[in-house]
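Structure first, commentary second.
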Amino acid sequence: MVLLFPCRNAHTLNTQLLLGKMLDVTVTSPSFIDMDMFDLWIEGFSIQEARVKLQAMPHAEEFSMSPGLLEIHIRDHYSQFAVLEAGLRHPDSFVQACAFNQLSVSTRKQLIQKYYSVDERLLRELVGRKLTNKTRRELSEITERCELRLPSCKRQFDNLLCVVRRTEDLPGRLVDNIQALFLLPPWLSEFYAAVVFIITNRFEVSKRSLSYITFGDLTYCAGQLMAHWSVLAKDLKDDSSGVDLDLQFFHDIKECKPLVEKKDYLDRHKSMVIRTLQENKEIKILPTVESNFKPISKAIVTIACGLSQAREMQDFFLDIVEKIVGLMRALRWSTRDVRLFFEAYATTATLLPLAKGLCLFRKYSNARSSTFCRFAYFSRLFRPCFECATELWYVT
């Protein structure tokens, strides 16, 4: 049974009628959306859990709202949200559809943003997995680790799967596509874009040695890789998807091998890096740079030259942490030291006579320095310069 009450006090009347179980669905005009109640719904609170939460609020006692009345009040709202959910799954249509004209455009956009809200703890768990039915069945275990409610986790999982399916093959920048299709703010679109990019390219991010990396770190790094290493980084007019990596670029970068294979190049490069660092009088890592330049450079070039192989690309984050972070941790470099070293390394490498390979290597090094500096800080390995390093988080 459905009734329409075209009055502003219809919500109260609907609740009173529901006490007598006269109605199944209520509709008001103009529609009233209680955003606080909507928050409870998307966070996965059951009607009983929401009732307990509301009972603890002052207005419940002030208006003598019994537990039964509160549950009916909540059920009324939840029924309304269940009707809206079908539209929320297609945000672009939801904003334009005549069926939802009782809601203002601003209200509809607010509902969309709330419905597609995400918890970074859950995304960190999901980003290293395939979005399959098996993973969905495992959400009950993930829920406990993330301290979230299962309905909320299922909503976020289904939304993430929807975003992946609708955007992974679209041409153009991934963040732009997500914003256009789902009408989400830039920061939330970047979260979803990071997951789509990492999952599509099968980056390994679930190993124990990577567990300290937060989802915020991965979002930043994925943005750097898309900006520097995707096909669109070379040509924005390309019809490729924003998740497609520039395979030709990774093939060409193999020409950087002489940087570590030829002693003449290696020695000249080291001298140039040290000379560049000496210009900064506050730098204190010159002795360790001189004695450890070869293993550091070898690690960088080895990772770079392996990116044309699918397995090596998938292990990109793992290689950074195990082959570079581990070495610099032992040297006790600060994040500032890391940034200065990579700036000097990339700049001086382009001055060596390797022609084509070095031009590409500058592009590789730019993404490398930003990504690694981000990792360096969040690994909490460089405690002496912690306060200084915080100002260098967003170095590009």
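Bear in mind these aren't lab numbers, they're just calculated from the coordinates by the rules spelled out. Please read all numbers here as calculations on a predicted model, not as lab measurements. Because the Cβ atoms are built from the backbone with ideal geometry, glycine has one as well, and the counts that use them run over all protein chains shown.
Tabulated data
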item	result
Relative exposure of Met328, Met313, judged by other C-beta atoms within 10 Å (fewest first)	Met313, Met328
Distance between the stretch 158-175 and the stretch 269-314 - C-alpha centres, whole angstrom	36 Å
J(HN,Hα) series, the stretch 46-51, from Karplus relation 6.51 cos²θ - 1.76 cosθ + 1.60, nearest Hz, glycine and proline x	6, 4, 5, 5, 5, 4
Distant-in-sequence amide H partners of Ser308 (H built 1.01 Å from N, under 5 Å)	none
In nm, spacing of pseudo-spin labels at Arg75 and Glu290 (7 Å Cα→C-beta vector)	8.0 nm
Most to least packed among 242-255, 268-281 [average Cβ atoms within 10 Å]	242-255, 268-281
Order of Ser297, Ser334, Ser79 under a 10 Å beta carbon neighbour criterion, fewest first	Ser79, Ser297, Ser334
Calculated Rg and Dmax of the stretch 120-203 using C-alpha coordinates, Å	12.6, 38
